[in-house]
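A.B. asks: Below is one structure. I have some questions about it.
The values are calculated or read from the model by the stated rules, or taken from the named source; none is laboratory data. Computed from a predicted structure; not experimentally measured. FYI the Cβ positions are ideal-geometry reconstructions off the backbone, even for glycines, and counts take in every protein chain you see. Please note that ligands, DNA and RNA were not included when accessible areas were found on the heavy atoms of the full protein model with its side chains. Shrake-Rupley method; radii C 1.70, N 1.55, O 1.52, S 1.80 Å.
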Amino acid sequence: MIKMRDIIREGNDTLRAEAKPVQFPLSETDQKLAKDMMEYLENSQDPELARKYGLRAGVGLAAPQVDVSKQMAAVLVPGETDDADPVFKDVIINPVIVSHSVQPGALTEGEGCLSVDRDVAGYVIRHDRITLRYYNTAGEQKKIRLKNYPAIVCQHEIDHLHGILFYDHINTSQPFAADDDLVLIS
Ligand SMILES: CC(C)(C)[C@H](NC(=O)Nc1cc(F)cc(F)c1)C(=O)N(CC(=O)NO)CC1CCCC1
Ligand SMILES: [Zn+2]
């Protein structure tokens, strides 16, 4: 199972590398990686297991964060209540944002990252809505439209595949600058 010690932190060059596209059909190794990454998110969102193994509760994890420079990321956005279905759950492979809203969106609380052990305040300016094309582990091509929180999570993970970290999108001189059409997502 993936533990916090397997997650690389700022300073590790893999976090700033351009990840390689994944080949299909998935190798045994890549299948296991996809499974392990999703299992990390599931375990980390279970308070008992998170405490037992010292896991930070995560909604997304990209392969470069476990030092594998491949275009693969697990996303698990939970539903409102414990028994509700997840809002979005999949391993996105070779993802491409094929279109997006002109309108920007940002989390009101800013962002953090499993690979960044410090707080960086400010609005992380992203697209409020995206159309995402990706392959799942079965090699099926998917095309989905996401908005608000799930859209933010997927953009955060896709950034990791291109060596981009969340604070690269924060306005350094005015971290909380917001033009009037910015959608603030809570
Ligand atoms: C960095 C961390 C604070 C752990 C962040 N979690 C989070 O924002 N809240 C959260 C956690 C849950 F488990 C369930 C839930 F609904 C909300 C996160 O997982 N990430 C993922 C990451 O670092 N991927 O590389 C950072 C988020 C910032 C915006 C999108 C992803
Ligand atoms: Zn991250």
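A.B. asks: Is there a residue in region 114-124 that is away from ligand 2 (no atom under 15 Å from the Cβ), within 15 Å of the chain's Cα centre (by Cα) and not β-branched (Val, Ile, Thr)?
C.D. replies: So far as region 114-124 goes, no, none of its residues is away from ligand 2 (no atom under 15 Å from the Cβ), within 15 Å of the chain's Cα centre (by Cα) and not β-branched (Val, Ile, Thr).
A.B. asks: Quick one: which residue in Arg129, Arg133 is under 13 Å from Ala151 (Cβ atoms), surrounded by fewer than 22 Cβ atoms within 10 Å (Cβ to Cβ) and of a type outside the set (Asp, Glu)?
C.D. replies: Just a single option satisfies the conditions, and that option is Arg129.
A.B. asks: Are any residues in region 38-74 among the charged types (D, E, K, R) and in contact with a helix residue (DSSP H, G or I) (Cβ under 7 Å, 6 or more places away or on another chain), and if so, which ones?
C.D. replies: Arg56, Asp67, Lys70
A.B. asks: While we're on this one: Across region 47-103, which residue is farthest from Asp181 (Cα to Cα) among those that are of a type in the set (Ser, Thr, Tyr) and open to solvent by 40 Å² or more (accessible area, probe 1.4 Å)?
C.D. replies: Step by step, filter region 47-103, then rank; the result is Tyr53.
A.B. asks: Looking only at residues in region 4-43 that are touching a strand residue (DSSP E or B) at 6+ places or on another chain (Cβ under 9 Å) and of a type in the set (Gly, Ala, Ser), which one is farthest from Leu76 (Cα to Cα)?
C.D. replies: Ala19
A.B. asks: Looking only at region 126-133, decide whether some residue is within 16 Å of ligand 2 (Cβ to nearest atom) and not in a helix (DSSP H, G or I).
C.D. replies: Scanning region 126-133 turns up at least one residue that is within 16 Å of ligand 2 (Cβ to nearest atom) and not in a helix (DSSP H, G or I).
A.B. asks: For region 145-186, enumerate the residues that are within 19 Å of the chain's Cα centre (by Cα), open to solvent by less than 40 Å² (accessible area, probe 1.4 Å) and more than 16 Å from ligand 2 (Cβ to nearest atom).
C.D. replies: Hits for region 145-186 are Leu146, Ile185.
A.B. asks: Another question, then. What single numbered condition from (1) in contact with a Phe, Trp or Tyr (Cβ under 7 Å, 6 or more places away or on another chain); (2) surrounded by fewer than 17 Cβ atoms within 10 Å (Cβ to Cβ) fails to hold for Pro25?
C.D. replies: Every condition holds for Pro25 apart from (1).
A.B. asks: Is it the case that some residue within region 99-109 is modelled with pLDDT of 95 or more, of a type in the set (S, T, N, Q), assigned to a strand (DSSP E or B) and within 17 Å of the chain's Cα centre (by Cα)?
C.D. replies: Among the residues of region 99-109, not one is modelled with pLDDT of 95 or more, of a type in the set (S, T, N, Q), assigned to a strand (DSSP E or B) and within 17 Å of the chain's Cα centre (by Cα), which makes the answer no.
A.B. asks: State which residue pairs qualify: first residue aliphatic (A, V, I, L, M) and inside region 145-162, second residue at pLDDT 95 or above and assigned to a helix (DSSP H, G or I) in any location, beta carbons under 8 Å apart, and separation of 6 or more residues or different chains.
C.D. replies: Leu146/Cys154; Leu161/Ala63; Leu161/Pro64
A.B. asks: Could you go through region 70-92 and let me know if any residue there is modelled with pLDDT of 95 or more and among the hydroxyl-bearing types (Ser, Thr, Tyr).
C.D. replies: no
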